[in-house]
Amino acid sequence: MGHNKYILSIDQSTQGTKALLFDAKGFLLCRSDKPHRQIIDSNGWVEHDLNEIYANTLQVVKDVTAKANIDKSEICALGISNQRETSACWDRKTGEPVCNAVVWQCARGAAICEELERQGYAETIREKTGLKLSPYFPAAKLAWIFRNVDAAKPGNVAVGTIDSWLVYKLTEGRRHQTDYSNASRTQLFNIKNLQWDNELLEIFGINPSCMAEVTDSDGDYGTTDFNGWLEKPIPVCGVLGDSHGALFGQGCLEAGMIKATYGTGSSIMMNTGSEPVFSDAGIVTSLAWKIGEKVNYVLEGNINYTGAVITWLKDGLKLIDSPAVTEELARSASKNDRTYLVPAFSGLGAPYWDSRATACIVGMTRSTGRNEVVRAALDCIAYQIADIVEAMRTSSGIAISELRVDGGPTRNKYLMHFQSDILNLPVRVPDSEELSGIGAAYAAGISSGLYDSDVFGNLKRVSYTPDMPEDERKSFYDGWKEAVKKAR
């Protein structure tokens, strides 16, 4: 028998399920992933098969252990990070789903939200939850399920987000729990008194008996042997929504620390400390987590089109063959060209929230060509993130000293340097992409006593520092604001 110790984490995301294995010092050794089906019907409604996700979870855990060639008896704890807002409903007696999971992107709850808006509930909901009434959050999705799925009769059903479903299945139905970060995204949780809100449950028509027990993000979620695969069960002791996991993995533990994830869209999250900050600037208030008995709050802003702009250059405009070429093209663009691209393909998200805005390219001259348009597409990613960082700085009154970033587009050195210039802040890129899974693993490792807070020093970072003259920075940013006005 070896004497090594390992932490396992499951990152259950929109596209697939990943298992990540970490050593006794908190370094990532190995990963394994498996996609699941995206079930989309003629209404454009999006669903996932919950049993498929659970089966894939068991499979990737076995795969990663085999791939790393370790003794599975040396795994000592499990952490889970999950796609947020995707909503599940299952039968407590049989453990079987009563319907497919309704995915966060699915807007089938829109009519219910419009009805509640007409009844005048929107402001109450925002005051209690920090979130704008929207079909994206689980409240409206679950309300839809209770109205439309016969098998979902309260009394015998449990509801929750994907973390709750996995905890329930992994503990063989012994535990129905969720963590504070996931609870704060349901639009049913009062973020001031930190409990399910009976008035909100009533507004959405959800029986309180269906709800999960809200547990610290580093708390006790029972034990699992992965359906008999382990001889001795291990504790499940770290659970975080994926963006919250990334904030934790990035080590953004203090007020004023902020991270941006660059994906298809982007999530920007700022730790605001032990008090919630409510903003009218189009950014929402949630909980970061409850860890070590302490609650931290966040401001969060989401952007629809960041990496997706690059995909559009490739597939829509056929200007590039792969995202990798954008860096060189942007560097070759004329320094004097002032072309701006405003990617309002489906309106503008935070901090504008203008669904009628349309995408546009402005400021072109006769000498504007492919290089300049590609550069404008990269620049608009940095500008949109700067808009949200500025809104957070202003709303919170908290000084920001740097931006920590993650995601595929952070490999683009031109983009990272421009981001630093436009924000006038250092931008720091870690050497790992698996920030959500790292966050869940660190929470579980610290909770189980294997790691201490030194583990946050594991990430090596590349720093980009601003060197653009202030008048030039201001002129570029003012030009962006003008371009946004034209889009609106």
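Overview of results
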{"quantity": "The chain: relative contact order as a whole-number percent, Cα under 8 Å and 6+ apart", "calculated": "15"}
{"quantity": "Neighbourhood charge, 12 Å Cβ-Cβ cut-off, centred on LEU425 and excluding it, Lys, Arg +1 and Asp, Glu -1", "calculated": "+1"}
{"quantity": "Whole-percent carbon and sulfur share, accessible surface of the chain, 1.4 Å", "calculated": "48"}
{"quantity": "Probe 1.4 Å - accessible area at TRP144, Å² to nearest ten", "calculated": "50"}
{"quantity": "Accessible area (Å², 1.4 Å probe, nearest 10) - TYR121", "calculated": "80"}
{"quantity": "Extended-chain gain in nm, criterion 0.36 nm per residue less alpha-carbon gap, ARG331 and SER355", "calculated": "5.4 nm"}
{"quantity": "Paramagnetic label zone (point 7 Å from Cα along Cα-to-C-beta, THR94; backbone N under 17 Å) in region 151-178", "calculated": "151-159, 169, 173"}
{"quantity": "Heavy atoms of ARG331 accessible to a 1.4 Å probe, total area in Å² rounded to 10", "calculated": "120"}
{"quantity": "Heavy-atom accessible area ranking, 1.4 Å probe, most first, across HIS3, HIS48, HIS176", "calculated": "HIS3, HIS176, HIS48"}
{"quantity": "Cα-Cα over 19 Å, subset of LYS18/LYS232; LYS132/LYS486; LYS413/LYS481; LYS259/LYS486; LYS335/LYS413; LYS25/LYS259", "calculated": "LYS18/LYS232; LYS132/LYS486; LYS413/LYS481; LYS259/LYS486; LYS25/LYS259"}
{"quantity": "Across LYS290/LYS460; LYS93/LYS290; LYS318/LYS474; LYS169/LYS192; LYS62/LYS141, pairs whose alpha-carbon gap is larger than 28 Å", "calculated": "LYS93/LYS290; LYS318/LYS474; LYS169/LYS192; LYS62/LYS141"}
{"quantity": "Distance (nanometres) between label positions extended 7 Å along Cα→Cβ at LYS460 and ASN227", "calculated": "3.9"}
{"quantity": "ASN207 versus ARG370: modelled label distance in nm, points set 7 Å from Cα along the beta carbon direction", "calculated": "6.3"}
{"quantity": "Surface per residue (accessible, 1.4 Å probe) for region 190-341, Å²", "calculated": "40"}
{"quantity": "Accessible solvent surface per residue of region 1-154, calculated while the other protein chains remain in place, 1.4 angstrom probe, Å²", "calculated": "43"}
{"quantity": "Model label zone, SER322; criterion: amide N under 20 Å from point 7 Å along Cα-to-beta-carbon; scope region 391-429", "calculated": "407-416"}
{"quantity": "20 °C / 1.002 mPa s Stokes-Einstein diffusion coefficient of region 1-147, Kirkwood radius on C-alpha pairs, µm²/s", "calculated": "123"}
{"quantity": "Separation in nanometres of the label points that stand 7 Å from Cα toward Cβ, at GLN195 and GLU275", "calculated": "2.4"}
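The values are calculated or read from the model by the stated rules, or taken from the named source; none is laboratory data. For clarity, every value in this text was computed on a predicted model and none was experimentally measured. Note that we place each Cβ from the backbone using ideal geometry, even for glycine, and neighbour counts take in every protein chain shown. Areas reflect the complete protein model, heavy atoms only, side chains present, ligands, DNA and RNA absent. Shrake-Rupley method; radii C 1.70, N 1.55, O 1.52, S 1.80 Å.
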